[in-house]
Amino acid sequence: MTLLSIEQLNLSIGDLPILRDVSLSVGAGEVVGVIGESGSGKSLTAFSVMQLLPRGASCQGRISLLGRDVLTMTEPALCAMRGRDVGMVFQEPMTALNPVQTIGAQVAETILIHEPKTSKSEALERAKQALTRCELPADKFPLSRYPHELSGGQRQRVVIAMAIALQPKLLIADEPTTALDVTTQAEILALLARLVREDGMGLLLISHDLAVVSDMADRIVIMKDGAVVETGAADLHRTMTHPYTKALFAASGHQPVRSAEPQEIPLLQVQNATRDYTLPRRSLFGPVDTFRAVDGVSFEIKRGESLGLVGESGCGKSTLTRAILGLDPLQGGKILLDGEPVGPAVRRKMQVVFQDPYGSFNPRHKVGRLVAEPFHLLNRKATAEEVDAALISVGLTPPDKHKFIHEFSGGQRQRIAIARALIIKPDLIVLDEAVSALDVSIRAQILDLLADLSDQFGLTYLFISHDLSVVRAITDRCLVMKAGKIVEEGATETLFTAPSHPYTRTLIAAAPQLPAA
Amino acid sequence: MRNLIFGLTLTAIFALGAALSFLWTPYDVTVLDIANKLKTPTADHWFGTDHFGRDIFSMIMVGARTSIAVAIVAVVIGMGLGVPLGLTAAARKGSLLDEVIMRGNDLIFAFPSLLIAILITAIFGPSAINAIIAIGIFNIPVFARLTRGAALSLWTRDYVLAARVAGKGAVRISAEHILPNLANLLIVQGTIQFSLGILAEAALSYVGLGAQPPTPSWGRMLADAQTLIALAPHVALFPGFAILFTVLGLNMAGDGIRDVLDPKLRVER
């Protein structure tokens, strides 16, 4: 039975056409994956089913949900439909929950809105059942918990419980696991699969990650620039015909060609590094507690080597990064760069690229000034030639230096971030989740660029990431970090094919695999 | 854009009026003409005359001088001291210095401004200068708090981290990365404080603690008109409108300037 069928949907915001002739359908008990890069219109397709569109948007075509045309429904009818017939799970569980309401109240709210005759205690009872179904049993997670008392994965379970509280026929999940760690992602995906099976729901799973979708979906829809380019069954990787689909699959498993050989000279030496944080006092005169974020970590990076540091959020990898960059003091051990302790003297040998291409630039400066910032370390101004050379080396053009940062796309910004790191010719570049926020095709380009640059300039990379496939693609050696400690270290290929530590095995097993073509 | 043009036009009218009053006013505001007292608006006296027969239009022109001067200087005092204090507190978050600055601000905040103004005038005597000082002091914590709060969130940005990796110190980062990104906020708050300054000056003059006779001031014009409001409403209405429209104009101009200064909006336009 078809729950949802979208036929020839055209959507425009103002005069700007966003979606063109989008058609797709979801049947009961069916998982349909919609894949696309940012700006492909995949989220707006989902939002148009709910008619939760930005101001000025207008739809033509047909969206038929349980036999009714959504586009002709009145606002009160739409309100009755949202949450009852269609549930929605969002990407960011941090912002999808109200921080000042208990989880029980938030799940019960959906029930109370749609069934106003329900008594409050009955609604809470049903909320409890919904949370239990989402593996948050009330004896361990009472309804009186607040969102900040839960982890990211647990919050996402609450969001899912809200969506399924009324047992809707259709569930729309918009990047439900993008903000989560791999092991949590695997759990959430398993939960969604179970709920779909139990309730016979239809699931519209929207993601940029081919591996996630191809693990779960019965059918896959590929979108690009507001149009569906290809639709296929779960074995799309074998039947695909459209060049864009092929390019997408190729980019997802992309391995850049690297030729640089590491030398046997250690560049960065981390010796027994320990970093403590002071926790807030529990009582006015109570003892000050500390939290050990990095616990006796030791490792070395050889000159010209590319080292991966893998771990889930909260494992201490960001704290370690800040200590390596000399931004935070250590409580024990030492970090040597080229034989000298990190500090103002050796800072010029090291630069960093951050994850978020949108937050790593001062929006009020022009690119030329942004890129030249590290010259402060050399106590001189960058020459125009140096700025141009840095921009050219990352595939941009010299006139770009006169632009502001918001005029660039995410991938271009990350190139600018790399240009900023390169400009003073450092030995070591720390890449802190540098490609995690990028679309797969852009990610492939940036990985190629990084491989190129390391060959050209003999760069050494410390690649910090939670994304195993990326680390596998670009590093020679890899460290696995858990709870402030390095649990496993080894050559990347060995580590991935024959992991020895149980945690490494869990990580690798949890990572969604792209089917081999 | 419409806001900006409308706001700037209104502000410009009052600023020009104030400037022109140095050279020329329709009537001399220090000359009393009891025979013509409490005239309603005519072709001779556009806004009518007050209880001493002075021309209200001329008094508003001259009064604008006092109001605008007091408000500008008070905002400059508030920004000039408050913003650096806020930046310092944010750069040294959690330190003793931060505590001292912010608790000092709380102390000033804790006193009603009018009370301090009365205190100052009780010691130094009422005058426009003392009104400026009193209003200016109360602008400091407003700007310090605003700056600290916004700067704290900016300090967590990656570009600040990148600047630290580039070896830049707290002063340099505050000047290059924090302050420019606060500009929007400060301009809007500046215009609000400017208009509040005009209101505060009017309030101080109203209770007789601001500019002293014979210097005209909008606040004192209102105070003088209070007893006459049933008899000659225009005496109160015109200075009241002057205050209303200046404040309105400034607020709209502030909003407009903020939009123009934002590089993101600059391109979309």
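The values are calculated or read from the model by the stated rules, or taken from the named source; none is laboratory data. As the structure is a computational prediction, the values presented were derived from the model and not from experiment. We place every Cβ from the backbone using ideal geometry, glycine too, and count neighbours over all the protein chains shown. When the accessible area is computed, the model is the full protein with side chains, heavy atoms only, and any ligands, DNA or RNA have been set aside. Shrake-Rupley method; radii C 1.70, N 1.55, O 1.52, S 1.80 Å.
Could you go through the stretch B:191-204 in sequence order and give the Karplus-derived ³J(HN,Hα) for each residue, using 6.51 cos²θ - 1.76 cosθ + 1.60 with θ = phi - 60°, rounded to whole Hz, and x for Gly and Pro?
So the J values, rounded to whole Hz, are 5, 5, 5, 4, 5, 5, x, 4, 5, 5, 5, 4, 5, 5.
Once the piece of chain linking residue A:493 and residue A:282 is laid out straight, how much longer is it, given 0.36 nm per residue of separation minus the C-alpha distance between them?
Once the chain is fully extended between residue A:493 and residue A:282, it gains 71.4 nm.
If you take every DSSP beta bridge fully contained in the stretch A:266-510, what fraction is antiparallel? Give it as a percent rounded to 5.
55
Under the rule of at least 5 residues apart or a separate chain, name every residue whose amide H is placed under 5 Å from the amide H of residue A:201.
A:29
Please list 3J(HN,Hα) in residue order for the stretch A:225-239, calculated via the Karplus relation 6.51 cos²θ - 1.76 cosθ + 1.60 where θ = phi - 60°; whole Hz, with x for glycine and proline.
6, x, 9, 7, 8, 7, 10, x, 6, 4, 8, 4, 4, 9, 9
With label points built 7 Å along Cα→Cβ from the Cα atoms of residue A:331 and residue B:33, find their separation and express it in nm.
8.2
Rounded to the nearest 0.05, what FRET efficiency is calculated for residue B:245 and residue B:175 with R0 set to 41 Å and r the Cβ-Cβ distance?
On the way: r = 37 Å, r/R0 = 0.89.
E between residue B:245 and residue B:175, to the nearest 0.05, is 0.65.
Check each of the trypsin sites (Lys or Arg not before Pro) in the stretch A:99-172 and keep only those in coil by DSSP with at most 12 other C-beta atoms within 10 angstrom; list them in order.
Sparse-neighbourhood loop trypsin sites (Lys or Arg not before Pro): A:117, A:140.
Which residues of the stretch B:126-172 bury at least 30 Å² of accessible area once all protein chains are present, versus their chain alone (1.4 Å probe)?
Residues passing the criterion (a loss of at least 30 Å², heavy atoms only) are B:158, B:159, B:161, B:162, B:164, B:165, B:166, B:167, B:168, B:172.
What accessible area, summed over both chains, is buried at the A-B interface (1.4 Å probe, Å², nearest 100)?
Buried: approximately 2200 Å² between B and A.
Let me know the number of lysine pairs in the stretch A:2-252 closer than 19 Å at the Cα, not counting same-chain pairs under 8 apart.
Eligible lysine pairs with Cα atoms under 19 Å apart amount to 6.
Tally Lys and Arg at +1 and Asp and Glu at -1 over the other residues with C-beta under 11 Å from the C-beta of residue B:211: what net charge comes out? List each step's numbers first, then the result.
On the way: positive: B:65, B:220; negative: B:201.
Overall, the nearby charge balance is +1.
Report the chymotrypsin sites (Phe, Trp or Tyr not before Pro) located in the stretch A:224-283 that are in a DSSP loop and have at most 11 other Cβ atoms inside 10 Å of their Cβ, or state none.
Qualifying residues, ordered by number: none.
At 1.4 Å probe size, with the rest of the protein present, what percent of the exposed accessible area of chain A is carbon and sulfur atoms? Mind showing how you got there, number by number?
Working: 11390 of 21780 Å².
Reported share for carbon and sulfur atoms: 52 percent.
Check the straight Cα-Cα distances from residue A:425 and name the lysines below 26 Å, setting aside those fewer than 8 residues away within the same chain.
A:302, A:317, A:334, A:349, A:366, A:381, A:401, A:403, B:168
Per residue, how large is the accessible surface of the stretch A:129-240? Use a 1.4 angstrom probe and give square angstrom.
Computed with neighbouring chains in place, this is 35 Å² per residue.
Amide H to amide H, which residues 5 or more places from residue A:87 or on other chains are under 5 Å from it, using H placed in the peptide plane?
Here the answer is A:170, A:171, A:172, since their amide H atoms fall under 5 Å of that of residue A:87.
Of the heavy-atom accessible surface of chain B (probe 1.4 angstrom), what whole percent is carbon and sulfur? Working shown, then result.
Values: 9090 of 12770 Å².
Within chain B, the accessible surface is 71 percent carbon and sulfur.
Which of the trypsin sites (Lys or Arg not before Pro) found in the stretch A:231-305 are loop residues per DSSP with 13 or fewer other Cβ atoms within 10 Å of their Cβ?
Values: sites: A:238, A:246, A:258, A:275, A:281, A:282, A:292, A:302, A:303; in loops: A:258, A:281, A:282, A:303.
Of the trypsin sites (Lys or Arg not before Pro), the ones in loops of the stretch A:231-305 whose Cβ has at most 13 other Cβ atoms within 10 Å are A:281, A:282.
What net charge do the residues around residue A:189 carry, taking every other residue with its C-beta under 11 Å from that of residue A:189, with Lys and Arg at +1 and Asp and Glu at -1?
Summing Lys/Arg as +1 and Asp/Glu as -1 gives -2.
Under 5 Å between amide H atoms, partner at least 5 residues away or on a different chain: which partners does residue A:482 have, H built in plane at 1.01 Å?
So residue A:482 has HN proximity to A:487.
Subtracting the Cα-Cα distance from 0.36 nm times the residue separation, let me have the gained length for residue A:183 to residue A:10 in nm, one decimal.
58.5 nm
What whole-number value in Å² describes the accessible area per residue of the stretch B:2-268 for a 1.4 Å probe?
Per residue, the stretch B:2-268 has an accessible area of 47 Å².
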